[in-house]
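Every number here is computed from the coordinates shown, using simple stated rules; none is lab data. Everything quoted here is computed from the prediction, not taken from an experiment. Quick reminder, even Gly has a Cβ in these numbers, built from the backbone with ideal geometry, and neighbours come from all protein chains shown.
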Amino acid sequence: MLILGIETSCDETSVAVVEDGLSVRSNLVGTQERLHLKYGGVVPEIACRAHLESLLPILDEAMKTAGITLNDLGAVAVTTTPGLIGALLIGVTAAKALAWTLKIPLIAVHHLHAHIFAAKLEHGKAMEFPCLSLVVSGGHTSLFLSSKETRHELLGATLDDAAGEAFDKVGKLLGLGYPGGPAIDSIAREGDPARVPFPRAYLEPGSLDFSFSGLKTAVLYHYQGLVGARCNVPLPRKELADLAASFQEAVVDVLVEKTLLALRKYPVKGVALGGGVASNSRLRKRLSLALEGRHIRPYFPPPALCTDNAAIVAGLAYYKYLEGELASLEVEAAA
Ligand code: KG4
Ligand code: ZN
């Protein structure tokens, strides 16, 4: 069955066609990065306007790439929560209109569950449940115990900033532009991760929650210690690389440690990664090394499936469809 997926929860307008949950026929992503660049973060009003302008052209392109017409679709799926409310509403309204006019089922998808499904899209039937799922994105840092494609029990989440948010704020502070994550990942390759001993917040013993706001402040103070109270003073490249590498190492240490702690509590066979920060090269390397030593399988998606896209929405929707989990036309978007 062909399912159309629509994703507009943040700053990516994406439409995809996926066959039987795992075969991606098209997955078009219109990124708004350029529009938000000068503000150093996503501006909700600008995101909504851009979704509105690009959704239908991207839908057309997704149909053409898949080589199908709207009448070939068996269902339409859309991200309904969580995200920017105005942005979600545009995708949800379009999906409802399509489901209603084409007289096909509507399927509501949770954004974080879709991020976890990226691992399934990549590994297919080789991905075994139960597994742990770590979703690390610009808006979320959450650890789940996943019993199947559609069921995820939340074990812990960030109490303040998301990991990606910390990357973006530190990137902005260091003059690396928006989004900060890829830029930090890249320059950190030249740096010494042990140069600055930034704090790691493990919270109370046994906690599977996260906290990154203290780390962000520690980077700010360290930076001000180097340049004084002025902002946007460029650092020498080596200094910048060491700072980026040390910050990244602190984030990765906590993400890896918490995953290992969860593995001691829940003896699963694999760990899935999802969300934009899942493309971080240091996180992937450190986590795969840690898992290899414990004979736990890494279910890591390729970077293109880590960031927001609609193939993960349409893919997960197929499993919800098989379970009869359909949405009514009254389903609402929720921030
Ligand atoms: O999943 P995503 O596309 O959007 C949300 O749902 O939030 O994630 C975007 C986030 C941004 O914060 C971005 O800086 C971060 O993912 N990111 C990275 C990398 N690539 C993207 N963070 C660290 N290293 C990367 N290579
Ligand atoms: Zn996301």
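At a Förster radius of 30 Å, what calculated FRET efficiency corresponds to the Cβ-Cβ distance of Leu235 and Lys38, to the nearest 0.05?
The computed FRET efficiency comes out at 0.90.
Between region 192-231 and region 1-34, what is the separation of their alpha carbon centroids in Å?
A separation of 36 Å, based on Cα centres.
Taking amide H positions as placed in the peptide plane 1.01 Å from N, state which residues far from Phe212 in sequence (5 or more) or on other chains have amide H under 5 Å from it.
Amide H neighbours of Phe212, under 5 Å, 5+ apart: Leu159, Asp160, Asp161.
Going down the list Lys120/Lys172; Lys125/Lys320; Lys148/Lys169; Lys172/Lys238, which pairs span over 25 Å between their C-alpha atoms?
Too far apart for the 25 Å limit: Lys120/Lys172; Lys148/Lys169.
Taking a ≥ b ≥ c as the square roots of the eigenvalues of the Cα gyration tensor of region 119-172, is the shape rounded (a/c under 1.5), prolate (a/b larger than b/c) or oblate?
Oblate shape, in that a/c is at least 1.5 and b/c is the bigger or equal ratio.
In the chain, which whole DSSP H runs stretch at least 24 Å along their own axis (Cα) and average 0.5 or higher on the Kyte-Doolittle scale?
85-102
Determine the dipole magnitude for region 251-335: charges of +1 sit on the beta-carbon of Lys and Arg, -1 on that of Asp and Glu, nothing else is charged, the reference point is the Cα centre, and the result goes in debye to the nearest 20.
Roughly 720 debye for region 251-335.
If you average the C-alpha positions of region 62-137 and of region 290-335 separately, how far apart do those two centres end up, in angstrom?
Rounded to whole Å, the Cα centres lie 8 Å apart.
Classify region 1-150 as rounded, prolate or oblate, taking a ≥ b ≥ c as the square roots of the eigenvalues of its Cα gyration tensor: rounded when a/c is under 1.5, otherwise prolate if a/b is larger than b/c and oblate if not.
Oblate is the answer for region 1-150, as a/c is 1.5 or above yet b/c matches or exceeds a/b.
Antiparallel as a % of all DSSP beta bridges within region 69-194, to the nearest 5?
70 percent
Can you give the relative contact order of region 1-158 as a percent, counting alpha carbon pairs under 8 Å and 6+ residues apart?
The value is 20 percent.
Under unit Cβ charges (Lys, Arg +1; Asp, Glu -1), what dipole magnitude, rounded to 20 debye, does region 128-261 have relative to its Cα centre?
Charge dipole of region 128-261: 400 debye, to the nearest 20.
Could you give the dipole magnitude of the chain about its Cα centre, charging the beta-carbon of Lys and Arg +1 and that of Asp and Glu -1, in debye to the nearest 20?
So the magnitude is around 740 debye.
Nearest 500 deg cm²/dmol is fine: what mean residue ellipticity at 222 nm does the chain get from its DSSP H runs of n ≥ 4 alone, each adding -39,500 (n - 2.57), divided by its residue count?
After summing the helix terms and dividing by residue count, I get -14500 deg cm²/dmol.
Counting DSSP beta bridges in the chain, what percent are antiparallel, to the nearest 5?
Once the DSSP bridges in the chain are tallied, antiparallel ones form about 60 percent.
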